[in-house]
Each structure stands twice: as structure tokens, then as C-alpha cells.
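Contents: one structure, followed by commentary.
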């Protein structure tokens, strides 16, 4: 845990971060004024510490440590809810177990998009880890061909995945 150099009461600062990172129901004592008395600092000192650079980031890290110790019990409760038929619990449990990955399919009519919007869409898809179907334009062009041209080209239209529609 990183404690700023200028903090004189380092142990009290550390305890305050651990205390404030707990859910209110698990804090002992319950109120900040009582905590200040317990560790021997003024309530204003605690309020000042909350404004220290990096304070809340350190609290967030302590909260994660607290949560990691609870994960097994939460999974057990989630599993129990899933067994009772709670669909949200089933989905969440399977996601956690790596047995379910939600997918999203987006269809756009790119002909209505400006070149700038098309580029922004490509970048957004790339940033989101989504591969754009490169055959979409080719498939669209082939689907627009008259039937006799398709037969002459000996080409059948393909679906969105690029597979033959046979």
C-alpha cells in the first residue's frame, strides 16, 4: 500500500484505508468520528486524507482484496440460485465458467454512411475486438447481379458468413 511521504501517522492512514474500503455493514466502528477516536486522530484529519492524491485508488485496491476473499462464497450462492432456475444466475454462472459468451450481431447499410462514418465504424469494431466481414461488399455485389450473370459467372450468392447458400 502506497502511503504519501508527508503522512506522519502511517499506521493510522493504512487502517483508515482498510476501514473505509469495507462495506458499511462490516465496519467497526460504524462511523468515521468513532474510527477517528479509536485510532487517535481528529475527524478533520481523516477528511483531509480522503483528498490525498491516490487515496481512493488505494481504497479501490483494498476493496478488491476484500472481495477476492468472498468470491468462493458468492460463487456458491450464484450456483445455488442457478440450480433453482434463476435464468440470470444460470447465465452469469456459465459466463464465469467460460461456457457461455454473449455475442452481438450488428447489420448496417453502409451505402447510407459517409466515408468518415465508415472509417469510424471500422475503428470502433476494431477497438471492440470485432472483425468486420470483408466479404460483405463482394456478397452484396453478387446478390445484385441478374440471375443469368450469376449462372454465366458460375457463382452462387453467399450468406453473411461467406459460405455458399446450397
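All of the numbers you see were taken from the coordinates with simple rules; none came from a lab. On a predicted model such as this, the values are computed, not experimentally measured, just so you know. Cβ sites come from the backbone with ideal geometry, for glycine too, and all protein chains shown count toward neighbours.
Things worth noting here:
- Extension gain, residue 73 to residue 6: 0.36 nm times the residue separation minus the Cα-Cα distance gives 20.2 nm.
- Cβ-derived FRET efficiency at R0 35 Å, residue 91 paired with residue 32, nearest 0.05: 0.35
- Computed from the Kirkwood radius of its Cα pairs, the Stokes-Einstein diffusion coefficient for the stretch 1-135 at 25 °C and 0.890 mPa s stands at 124 µm²/s.
- At R0 = 35 Å, FRET efficiency that the Cβ-Cβ distance of residue 102 and residue 56 yields, to 0.05: 0.65
- The separation of the stretch 49-64 from the stretch 15-33, counted between C-alpha centres, amounts to 13 Å.
- Histogram of C-alpha separations across the stretch 70-112, 10 Å bin width, %: 26, 37, 15, 12, 8, 1
- Exposure proxy ranking, count of Cβ atoms within 10 Å, fewest first, for 90, 74: 74, 90
- Taking label positions 7 Å along the Cα-Cβ direction at both residue 22 and residue 81, the computed distance is 2.5 nm, reported to one decimal.
- In percent, rounded to a whole number, the relative contact order of the stretch 10-68 is 42, using alpha-carbon pairs under 8 Å and six or more apart.
- Taken over the alpha carbons of the stretch 10-68 as equal point scatterers, the Debye sum produces base-10 log I(q)/I(0) values at 0.15, 0.23, 0.25, 0.26 Å⁻¹ of -0.40, -0.94, -1.09, -1.16.
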